[in-house]
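A quick write-up on the structure given underneath.
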Amino acid sequence: MAAKKTPGRPSKGAGALSRKRIIAAAAPLLQQKGLEAVSFRRLADNLGVSAMAIKYHIGSQQELLSALVEHSFKDTLGTIKGESPAERLRHVLSMYCIRALENPNAIRCILNDASLMSLEIIEITEEIRKYTRLLNDDDPDDVLLNLLVDYTHGFVFSAVAAAPNTCLTQEDYLRSIDWTLSLCKDQQNSTPY
């Protein structure tokens, strides 16, 4: 028989409950079932505590979502590989796409509420911006950045929607990225009329 949950402050028995444990329990719910599945009540049931105990450790629903986005994209960049700006950009985009494919519902959260962008997502964006500006004549409007990020999100959502019937792969994604980057190289090598 499950222990009775009481509202209010966590009991001494709930001492093992922590922010890290709550996020670890919430992350698979977000990944597998979407935002609607991430509720304090469901987390409380899964962890055997009260919903108020969850709130005590995590704060608001917004703070929970923010922590989940941060958790989903933590350490995405790692060591950036490649000699040229195009190779480095390709690597950053590849790492981001892999993580986004693992966490499409975290991407949906960010697209629904930009305030959920974690520091990691901002760092990824800035790395992409740095290389796209090197490749696109210091484009102040970030056209190439926006194109690549929008394409990446579109690819992720298409891959998720098509699964398991059609399997879009990382190679499919990179083929399109390589084509786009080859156009940038062609543009850099062309002489104006």
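Scanning segment 81-96 for residues that are more than 9 Å from the chain's Cα centre (by Cα) and open to solvent by less than 30 Å² (accessible area, probe 1.4 Å) yields a total of 5. Inspection of segment 125-136 finds a residue satisfying the criterion of being more than 17 Å from THR180 (Cα to Cα) and touching a residue at least 12 places away in the same chain (Cβ under 8 Å). Scanning for something farther than 27 Å from ALA37 by Cα and either within 18 Å of the chain's Cα centre (by Cα) or open to solvent by less than 30 Å² (accessible area, probe 1.4 Å) (or both), does segment 111-123 turn up at least one residue? Checked against the condition, which is being farther than 27 Å from ALA37 by Cα and either within 18 Å of the chain's Cα centre (by Cα) or open to solvent by less than 30 Å² (accessible area, probe 1.4 Å) (or both), segment 111-123 yields at least one hit.
Within segment 163-174, residues that are touching a residue at least 24 places away in the same chain (Cβ under 8 Å) have Cβ atoms under 8 Å from residues that are of a type outside the set (A, V, I, L, M, F, W, C) and open to solvent by 60 Å² or more (accessible area, probe 1.4 Å) in these pairs: LEU174/ARG90, counting only partners at least 6 apart in sequence or on another chain. When segment 152-162 is filtered for residues that are touching a residue at least 24 places away in the same chain (Cβ under 8 Å) and over 18 Å from PRO85 (Cβ atoms), the ones remaining, listed by number, are HIS153, PHE155, VAL156, PHE157, ALA159, VAL160.
Residue count for segment 27-49 satisfying the condition of being crowded, with 16+ Cβ neighbours inside 10 Å and not in a helix (DSSP H, G or I): 3. In segment 149-185, the qualifying residues are those that are open to solvent by 50 Å² or more (accessible area, probe 1.4 Å) and of a type in the set (Val, Ile, Thr), and the one that is nearest to LEU89 (Cα to Cα) is VAL160. Total residues in segment 50-80 satisfying the condition of being open to solvent by 10 Å² or more (accessible area, probe 1.4 Å) and not in a helix (DSSP H, G or I): the figure is 9.
The values are calculated or read from the model by the stated rules, or taken from the named source; none is laboratory data. What you see is a predicted model, and the numbers here were worked out from it, not measured in a lab. When we count neighbours, we look across all protein chains shown, and the Cβ atoms used for this are built from the backbone with ideal geometry, even at glycine. In case anyone asks, the SASA skips ligands and DNA or RNA and just uses the protein heavy atoms, side chains included. Shrake-Rupley method; radii C 1.70, N 1.55, O 1.52, S 1.80 Å.
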